[in-house]
Amino acid sequence: MGWHWQKRGVFKGVGLRHCAGIMVCLALGLPGASLQAAAAADDVNTAEKSDKAEIIDNPGGPSVGGAVIIDGATIFNDVIYDGSQVPPANAGDQAAPVVDEQTALEISQQLTRFEENLAALESEFGPYDVSLIEALLDMGHYFSQIGQHQSAAEVFERALNITRISDGLLSPQQLLVLEELIAALKSAGAWQLVDDREHLAFYLNTRLHAAGTQDYADAAIALGEWKMQALRGNLLGNSALGNIREVENLHEVYGVALMGADQSMSTQSRFALLYGKALTEYNLAEYSLRTLPNQMQRPVERFISEYICTDVVGPSGQVSRSCATVRRENPLYLEMEMQRDQYRDRIRSALMALDGSMGEMQLLLTANPTLQTSDGIPAQQRLDELTTLFATVNRAYRRIDLLW
């Protein structure tokens, strides 16, 4: 957009010699013949902003489990990714909308009013007064409306910093600003920053609310939805091992949120937590099955035969060589059994936890047959999906266990 922060933190429009945005150039009255030059400069400026914003250019990757078929059944699409990259999804600030000269002038005038208002407030109350927060939120919303999501995120970030300074590092007022900031960062495609701010929002909620309450449950569900979105598209560019560690951490989050659930937690939220927890348990079991070393899937003999020769001294003192076939335990078998036991325990633990989660979900459905998820999907449908997944993975595990 051709706008930058002053030391005081207020946006300031650039002059003609520094005109970098086509809308600003139009607003400043450049002739029509200069539009191409302005557009070219805007592309350069956009590229520079993209570098500074640390936006991940290649979110997404092929699914590890989505194309995996276990025992003839295709695994569903809620699986983690293996860390490889695919072309990025559409992000907010990749292309500025085409506007006419009148619209560009109106945008420039509106932004000028925003910055003048901010300058007046800052001059009167100081750079960290709470009165700046509402003005910054209005400005950020306007940037979002005109498709400048990175600029909106920068404004919301400043509002967040003022809130933390004015109201304290654990103030609940941050949550509203964080919600706006996260939405802008998602539109801008700044996935790592989204992850950082999602974790901050969850941390604040865990400090403000006790585990088992509705507010804590809402925070866990929100974090879980983001994490699953990031894992399905590998938006954070993690390796397969990094992704499964994210799943393990998310499983712990769901478990804590469900501990000591009180009467304030709705049945819908409890079901959502159990469903999210069950998905992580499925992914843990499926990942363990999928990453079995090849040598573990081949039978290993417990005993091996070796032809051993030794020197034997006879009664007369003569040395003779004696050879025989000796049967002994295979050291590779013991090592392989230890590895199989580790994988076996890991898969069994995940399957038992998944079965337990489905059992709790069934109890909720028995008491509330018409229960639906927050997006209007019948809860029974979600449970049926999990039942199919459990049967698929359990069948694959039994087949492998027989080979062992």
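The values are calculated or read from the model by the stated rules, or taken from the named source; none is laboratory data. The structure presented is a predicted model; accordingly, all values stated were derived computationally and were not measured. FYI the Cβ positions are ideal-geometry reconstructions off the backbone, even for glycines, and counts take in every protein chain you see.
Residues in segment 299-341 that are surrounded by 10 or more Cβ atoms within 10 Å (Cβ to Cβ), touching a residue at least 24 places away in the same chain (Cβ under 8 Å) and either farther than 30 Å from residue 289 by Cα or of a type in the set (Lys, Arg) (or both): 302, 328, 340.
Of all residues in segment 248-256, none are small (Gly, Ala, Ser) and not in a helix (DSSP H, G or I).
Among 238, 330, 243, 234, which is the only one that is at positive phi and among the polar types (S, T, N, Q)?
Details: 238 fails: at positive phi; 330 fails: at positive phi; 243 fails: at positive phi.
The match here is 234.
Residue check: is residue 135 more than 21 Å from residue 222 (Cβ to Cβ), aliphatic (A, V, I, L, M) and free of Cβ contacts under 8 Å to residues at least 24 places away in the same chain? Yes, satisfied. Of the residues 171, 151, 166, the single one that is outside any helix (DSSP H, G or I) and either touching a strand residue (DSSP E or B) at 6+ places or on another chain (Cβ under 8 Å) or within 22 Å of residue 204 (Cα to Cα) (or both) is 171.
Between residues in segment 182-208 that are surrounded by 20 or more Cβ atoms within 10 Å (Cβ to Cβ) and residues that are charged (D, E, K, R), which pairs lie under 6 Å by C-beta distance while being six or more apart or on different chains? Matching pairs, first to second residue: 182/197; 188/93; 194/186.
Of the set (1) touching a Phe, Trp or Tyr at 6+ places or on another chain (Cβ under 8 Å); (2) farther than 15 Å from residue 277 by Cβ; (3) surrounded by 21 or more Cβ atoms within 10 Å (Cβ to Cβ); (4) at pLDDT 95 or above, all apply to residue 234 but (4). When residue 129 is tested against the conditions (1) at pLDDT 95 or above; (2) not in a helix (DSSP H, G or I), the lone failure is (1).
Please tell me if residue 306 is charged (D, E, K, R) and at pLDDT below 85. Yes; evaluated as a whole, the condition is true for this residue.
Sort through 185, 160, 200, 193 and tell me the only one that's within 20 Å of residue 132 (Cα to Cα) and either modelled with pLDDT of 95 or more or more than 14 Å from the chain's Cα centre (by Cα) (or both).
Values: 185 fails: within 20 Å of residue 132 (Cα to Cα); 200 fails: within 20 Å of residue 132 (Cα to Cα); 193 fails: within 20 Å of residue 132 (Cα to Cα).
Criteria check complete, one pass: 160.
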